[in-house]
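Visitor: Pasting in a structure now, in structure tokens, and then I'll have a few things to ask.
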Amino acid sequence: MSLNYIKNFYEGCLRPPTVIGQFHTLFFGSVRTFFLGVLGFAVYGNEALHFSCDRDKREINLYCYNQFRPITPQVFWALQLVTVLVPGALFHLYAACKNIDQEEILQRPVSTGFYIISVLLRIILEVLAFWLQSHLFGFLVDPVYMCDLSALAKIFNISKCMVPGHFEKTIFLSAMYTFTIITILLCIAEIFEILFRRLGYLNQPVT
């Protein structure tokens, strides 16, 4: 792949062909990533160390924490961010290989159709991530988690565990749900912008 292809791919990822797409890139790339990278580490960074159960033994704490968190929130949201980027990256790779400039994407029916498909895939992935997040983490973090120890053949099958910083984790969860909803709405608005521009209502070039 020549340097020109790489340059077109890089510019396409940073500057999508729609105004709303450019705002989405700014929102996605800066606010959401900063929120997850900085505040996410502050909220969840030492959670495993401060997660404690009635029987203060390391193996029980570790077992109950793994039961409480099948996947850590930071890993889940990082996977979500990377996964949602894939459809757009594949489209811009296609555009770069076809030598399609950003200004020409919406002027060609085929490239417009592929771009709309990439946006629809982003919506589907965000909706799937919202559903998975709700099933993995819920909407509220309780201060106490009842751990099932029956698999360890313990005398007491239930252990009460204290969840550190449950209130701030609830706030952070709500913020991540909000970011997902905003991203979905931006993608829907971007599809309408594309359709309007194709119909001639917004035919001025994007700068």
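Visitor: Compute the long axis of helix 73-97 from its Cα atoms, compare it with the longest principal axis of the Cα atoms of the chain, and write down the angle in degrees, 0 to 90, nearest 10.
Guide: 20
Visitor: Normalised by the number of residues in the chain, what is the relative contact order in percent for Cα pairs under 8 Å and 6+ residues apart?
Guide: Relative contact order of the chain: 31 percent.
Visitor: Right, another one. Using alpha carbons only, how many degrees (0 to 90, rounded to 10) separate the axis of helix 58-68 from the longest principal axis of the chain?
Guide: Helix 58-68 sits roughly 40 degrees off the main axis of the chain.
Visitor: Could you report region 98-186's accessible area per residue, 1.4 Å probe, as an integer in Å²?
Guide: Spelled out: the 1.4 Å probe surface of region 98-186, per residue, equals 55 Å².
Visitor: Rounding to the nearest 10 and keeping the result within 0 to 90°, find how far the Cα-based axis of helix 3-14 lies from the longest principal axis of the chain.
Guide: Its long axis makes an angle of about 60 degrees.
Visitor: Looking at region 108-187, which trypsin sites (Lys or Arg not before Pro) are DSSP coil and have at most 14 other C-beta atoms within 10 Å of their C-beta?
Guide: Lys154
Visitor: Now for a different question. Quick one: longest stretch of the chain between exposed loop chymotrypsin sites (Phe, Trp or Tyr not before Pro), exposed meaning at most 16 other C-beta atoms within 10 Å and loop per DSSP?
Guide: Free of exposed loop sites, the longest segment is 1-138.
Visitor: Here is a follow-up. Taking a ≥ b ≥ c as the square roots of the Cα gyration tensor eigenvalues, with a/c under 1.5 meaning rounded and otherwise prolate when a/b beats b/c, else oblate, which class fits the chain?
Guide: Taking the square roots of the gyration eigenvalues as a ≥ b ≥ c, the chain is prolate.
Visitor: Kindly count the pairs of lysines across the chain whose alpha carbons are less than 23 Å apart, treating pairs on different chains or eight or more residues apart as eligible.
Guide: Value for the chain: 4.
Visitor: Here's a follow-up. If one puts a single equal scatterer on every Cα of region 25-107 and applies the Debye formula without solvent, what log₁₀ I(q)/I(0) results at q = 0.22 Å⁻¹?
Guide: -1.04
Visitor: Put Leu132, Leu36 in order of accessible area, largest first, 1.4 Å probe: what do you get?
Guide: The ordering from most to least exposed comes out as Leu132, Leu36.
Visitor: Is it possible to state the helix-based mean residue ellipticity at 222 nm for the chain, with each DSSP H run of 4+ residues giving -39500 (n - 2.57), the sum divided by total residues, to the nearest 500 deg cm²/dmol? What is it?
Guide: My calculation for the chain gives -20500 deg cm²/dmol from helical runs alone.
Visitor: Could you work out what % of the accessible surface of region 54-134 is carbon and sulfur, using a 1.4 angstrom probe and leaving DNA, RNA and ligands out of the count?
Guide: Ligands and nucleic acids excluded, carbon and sulfur reach 69 percent.
Visitor: Quick one: putting +1 on the C-beta of Lys and Arg, -1 on the C-beta of Asp and Glu, what dipole do you get for region 64-159 around its Cα centre, in Debye to the nearest 20?
Guide: Here region 64-159 has a charge dipole of around 220 debye.
Visitor: Sticking with this structure for a sec: Can you give the charge dipole size of the chain about its Cα centre, rounded to the nearest 20 debye, using +1 on the beta carbon of Lys and Arg and -1 on the beta carbon of Asp and Glu?
Guide: 200
The values are calculated or read from the model by the stated rules, or taken from the named source; none is laboratory data. Just so you know, these numbers come straight off a predicted model, no measurement behind them. Positions of Cβ are generated from backbone atoms using ideal geometry, with glycine treated the same way; all protein chains shown enter the neighbour counts. The accessibility values were calculated without ligands, DNA or RNA, using every heavy atom of the protein model including side chains. Shrake-Rupley method; radii C 1.70, N 1.55, O 1.52, S 1.80 Å.
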